[in-house]
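Here, each number is a calculation from the coordinates, and none is a lab measurement. Predicted model, so just to flag it, every value in this text is computed and none were measured. Ideal geometry is used to build each Cβ from the backbone, glycine not excepted, and the neighbour counts take in all protein chains shown.
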Amino acid sequence: MEFVSIKGTINSAVKVISFSPYLVRFTLSTSEQDYNCLVAKDAFNFMYVAEMDAPISIYGHFNKRKQLVVDKYHVQSGVLVR
């Protein structure tokens with residue numbers, strides 16, 4: 001299994017695909033291409049922090065359907081917590 005690290009922006013709404021197990025999808029846009037991404041690990045937290053056009057860095061691998069399965073992520077949000 002080959003792992004990749006990609007930086008880009010969230011280009012679509014985060015959608016719930018499955019509830020058991022909880023699985024969400026979104027489109028990641030880079031300057032070269034768009035990726036269909038799936039998040040299973042920590043998907044509830046991802047739904048909370050992910051926003052449209054937010055910068056994101058991900059680490060993951062591709063499945064048989066050429067979807068990028070996200071293992072780790074970091075979303076840069078514009079919300080300030082005091």
Write down the percent of antiparallel bridges among all DSSP beta bridges whose residues are both part of the chain, to the nearest 5.
-> 90
For volume of the Cα convex hull per residue in Å³, the listed values are (1) 120; (2) 89; (3) 98; which was obtained by calculation from the structure presented?
-> (3)
Contact order normalised by residue count of the chain, Cα under 8 Å, 6+ apart, percent = 31
Under 17 Å from the 7 Å Cα→Cβ point of Met1, by amide nitrogen: which residues of the stretch 40-59?
-> 40-43, 58-59
